[in-house]
1. Work out the FRET efficiency for Val298 and Ala35 from their Cβ-Cβ distance, taking R0 = 35 Å, and round it to the nearest 0.05.
2. Just rank Tyr160, Tyr61, fewest to most, by other beta-carbon atoms within 10 angstrom.
3. Neighbour counts of other C-beta atoms within 10 Å: give me Arg90, Arg289 arranged from fewest to most.
4. Dimensions of the stretch 140-275 along principal axes (Cα, Å, largest first)?
5. Convert each backbone phi in the stretch 184-193 into a coupling constant with the Karplus relation 6.51 cos²θ - 1.76 cosθ + 1.60 (shift: θ = phi - 60°), then list the ³J(HN,Hα) values in order as whole Hz, x for Gly and Pro.
6. Give me the extension gain from Ile348 to Lys269: residue separation times 0.36 nm, minus the current Cα-Cα distance, reported in nm with one decimal.
7. Please check: in the Gaussian network model of the chain (C-alpha springs, under 10 Å), which one of Ser241, Ser271, Ser190 has the largest mean-square fluctuation.
8. Please give the contour-minus-distance gain from Glu138 to Asp224: 0.36 nm per residue of separation, less the Cα-Cα distance, rounded to one decimal in nm.
Amino acid sequence: MTPPPTVTPEREDSKRAEAFMLPVMPPPLPEAPSAERIAELSAEIRGLAAQKNAVILAHNYQVPEVQDVADYTGDSLGLSIEASKTDAERIVFCGVHFMAESAKVLSPEKTVLIPDTRAGCSLASGITAQQVRDWKAENPGAVVVMYVNTTAEVKAETDYCVTSSNAVNVVNAIPQDKEILFGPDMFLGSYVEKMTKRPMKVWMGECHVHAGIRPADLQKMLDDSPEADLMIHPECGCSTSAMEYLACGDIDPDRTFILSTGGMIEHVKKSKAKKFIVATEEGIFHPLRLAAPDREFVPASDGAVCGFMKTITLERLRDSLRDDKFTVEIDPAIAERARVPIERMISITA
Ligand code: 13P
Ligand code: SF4
């Protein structure tokens, strides 16, 4: 087969893509609001949420003021689970588009809103449903395992969805005699192969934020802070080298943790370390500091910012609630097929 591209600019000709025109590269970052403006908008948002029977879900990479006003914050898996459990009429998803799509797939009868139409994801843009169909045709009988950072159309072609917190468990649950096509993140794929000791065919996609956190960043931090715990998101460009360092005994396995964003928050609550080197998007520092205010958190690399996540501001969240925009719609036939791998992911985790 022709080697897959790292980032695919063209995407499925679906209603979703037309309606949202998701960008391949993130827009510029918005300005931070003043404390007074945050208080004013937050009160307005909470009032609108009550009036409209809406639940606000926010990913751990959202700006702090959006995380603070939300009903639930969490990682992709945690938010999918919240979306599947809620009784609210509306779900306002402060995250990126594929996450809001998962909420809609799990709750088709509810109104799912995303406050900004530019909240795409470079990793989810890296594979299309047609590419998955072609890959399957070249590998008949293989099981397709896709990271949750994919469009609903791709999920409709998928057997099992995974997130960074359950990828290893899901792959371990697949019968040993089955070939696995894993995508779209090559760093997560390589991490899962090492953990499960199971070779897979891995799609060569990447997230532009995490791929930019390089092994050299990690090495420098380790040299500077030998007493710190090291927490690495498995999408990072440094995660595979961290596995190698671990295997060679160059870094201490008792102080190195490859974790989802939710796993990082849980880890700092349990760890006795005073300092943590953190290799993921900078939004995570807010929930980490709330979880453990007496510890020190240091980024493994400067500039790890997801501009897609940061498109969502308090103003846009308020407008979304007030004006019921922007509605996430998925073709019901696609949604029905996409629900299967998402529900498998949730049941393996639960
Ligand atoms: P988590 O599931 O760990 O929150 O990761 C989501 C994501 O988009 C990472 O870039
Ligand atoms: Fe997508 Fe990367 Fe942003 Fe996560 S950090 S939402 S993978 S672009």
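Since every read-out is calculated from the coordinates, none of them should be taken as a lab result. Predicted model, so just to flag it, every value in this text is computed and none were measured. Cβ coordinates were reconstructed from backbone atoms using ideal geometry, including for glycine residues, and neighbour counts include every protein chain displayed.
1. Using R0 = 35 Å, I get an efficiency of 0.85.
2. Working: Tyr160 22, Tyr61 28.
The order, fewest Cβ neighbours first, is Tyr160, Tyr61.
3. Lowest count first: Arg289, Arg90.
4. 49, 28, 28
5. Listing the rounded values in order: x, 9, 6, 6, 4, x, 5, 4, 5, 4 Hz.
6. Residue separation times 0.36 nm, minus the Cα-Cα distance, leaves 26.0 nm.
7. In the Gaussian network model the winner is Ser271.
8. Taking 0.36 nm per residue and subtracting the Cα distance, the gain is 26.2 nm.
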